[in-house]
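Computed from the coordinates by the stated procedures, all read-outs in this text should not be read as laboratory data. Predicted, not measured: the structure shown is a model, and the values here were computed from it. Quick reminder, even Gly has a Cβ in these numbers, built from the backbone with ideal geometry, and neighbours come from all protein chains shown.
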Ligand SMILES: Cc1cc2nc3c(=O)[nH]c(=O)nc-3n(C[C@H](O)[C@H](O)[C@H](O)COP(=O)(O)OP(=O)(O)OC[C@H]3O[C@@H](n4cnc5c(N)ncnc54)[C@H](O)[C@@H]3O)c2cc1C
């Protein structure tokens, strides 16, 4: 048997989340085959030997130039019908999870997302992340092939020794119009402040206490006054309020600013791992018992929706005078 891994090309290389998916797949102890769809697939395939891939399959169809979840799922199911893998593993990206959800629906199989460990067997035993990182679930996954994705940034990507370049095969999936009904039609670049989180002298960071993606507007305003970067906790990225690139912590960016302002962040060890290099930490939290206070140099106890705009207003006044 083999394990089929969906690999996302990233400008001719392989993206980091796919390398993590390959590391998770290696835990199953079977030969790995990779599926690459979209631009840059053929270029990226060559480097997969170092990650344990023995054969890479590059989907060949000009209609796969733009991401289309149904079409990617068709590539997976077409290939799986030939290879009969014991498991199909996808990266813990939006695309990886979306494609495997389509595959599960088409094949009538369950799908376990956000896995951190897998153990071969029937059923397969796995550990996966639930509830925004606050719970690790031990589960058994029935069904063949087993469908799983890796938890983003919780499985270390690695290489294997002495691996040869994989055999690269091209194949033409049998796409029909319905597979392409939903597809990306346009890319819009994200607007950023241009201040790198890792390098910023001041970081204004938000956690679950911020309440929503929109709630970050007051943090953005404060950050603008301080020429700061905006960061966040893992709960925030898991909820989709901010991108993973903004996450501070063990599985995010490690920051070492002069000042780290933690707004509505409880101070879990995994978060502190990313900001303990700060010279000073200011915590703004409504809970006087929050663990972050043990790491903080200064604290303001109260509602951040009142405190953060008040600080911004004072800074504006000071600048105007
Ligand atoms: C393997 C692993 C890796 C992880 N990696 C990371 C990581 O890299 N980074 C990370 O951040 N987490 C990481 N986590 C998750 C971490 O354990 C915590 O779950 C997470 O940091 C909690 O985020 P939070 O502080 O935003 O939320 P919570 O713990 O829910 O805290 C919310 C805080 O907001 C306060 N609050 C609520 N409302 C208000 C208000 N109106 N005003 C002021 N304060 C308010 C509350 O009092 C509370 O203290 C990881 C977990 C695991 C298992």
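For residue 299 and residue 279, the FRET efficiency from 1/(1 + (r/R0)^6), where r spans their Cβ atoms and R0 equals 22 Å, is about 0.85.
Considering only beta bridges that DSSP places wholly inside region 21-142, some 70 percent are antiparallel. The base-10 log of I(q)/I(0) for region 202-320, evaluated at q = 0.12, 0.16, 0.17 Å⁻¹, reads -0.36, -0.65, -0.74 [Debye formula, identical scatterers on Cα atoms, solvent excluded].
One quarter of the convex hull surface built on the alpha carbon atoms of region 3-180 amounts to 9.2 nm², the projected area averaged over directions. Mind checking the angle between helix 217-226 and the chain's longest principal axis? C-alpha axes, 0 to 90 degrees, to the nearest 10. Between the helix axis and the principal axis of the chain, the angle is about 60 degrees.
Which of 26, 63, 242 moves most in a GNM of the chain, Cα contacts under 10 Å? In this elastic network of the chain, the residue with the biggest mean-square fluctuation among 26, 63, 242 is 63.
Ranking of 214, 43 by neighbouring Cβ atoms within 10 Å, starting from the fewest: 214, 43.
Taking 0.36 nm per residue of separation and subtracting the current Cα-Cα distance, fully stretching the chain between residue 135 and residue 105 would add 8.2 nm. Round to a whole angstrom and tell me the spacing of the C-alpha centers of region 161-228 and region 84-109. So the separation of the two Cα centres works out to 21 Å.
Take the Kirkwood radius over Cα pairs of the chain, plug it into Stokes-Einstein at 25 °C and 0.890 mPa s, and you get 115 µm²/s for translational diffusion.
How much FRET efficiency would the formula 1/(1 + (r/R0)^6) give for residue 81 and residue 213, where r is the Cβ-Cβ distance and R0 is 56 Å, rounded to 0.05? After rounding, the FRET efficiency stands at 0.90. Result for the chain in a Gaussian network model with C-alpha springs under 10 Å: among 215, 158, 108, the largest mean-square fluctuation is at 108.
Using a Gaussian network for the chain with springs between C-alpha atoms less than 10 Å apart, which of these wobbles most: 92, 49, 302? Between 92, 49, 302, it is 302 that shows the largest mean-square fluctuation.
Helix 69-83 axis versus longest C-alpha principal axis of the chain: approximately 40°, rounded to the nearest ten.
Judged by the gyration tensor of its Cα atoms, with axes a ≥ b ≥ c, region 133-215 is prolate; a/c meets the 1.5 cut and a/b is the larger of a/b and b/c.
For region 34-48, the residues whose backbone nitrogen is under 13 Å from a point 7 Å from the Cα of residue 184, taken along Cα to Cβ, are 37-41. Estimated from helices alone, the mean residue ellipticity of the chain at 222 nm is -8000 deg cm²/dmol (sum of -39500 (n - 2.57) over DSSP H runs with n ≥ 4, per residue). Were the residues from residue 318 through residue 176 laid out at 0.36 nm apart, the gain over their Cα-Cα distance would be 44.8 nm.
Looking at region 164-321, the DSSP beta bridges with both ends there are about 0 percent antiparallel.
Note on residue 159 and residue 43: the extension gain reaches 39.9 nm, defined as 0.36 nm multiplied by sequence separation minus the Cα-Cα distance. Counting beta carbons within 10 Å around each of 237, 127 and listing the fewest first gives the order 127, 237. Counting beta carbons within 10 Å around each of 294, 154, 1 and listing the fewest first gives the order 294, 1, 154.
Model label sites at residue 60 and residue 256, defined 7 Å from Cα along the beta-carbon direction, differ in position by 5.0 nm. Only bridges whose two residues both fall in the chain count here: according to DSSP, what percent of them are antiparallel, nearest 5? Expressed as a percentage, antiparallel bridges in the chain total about 20.
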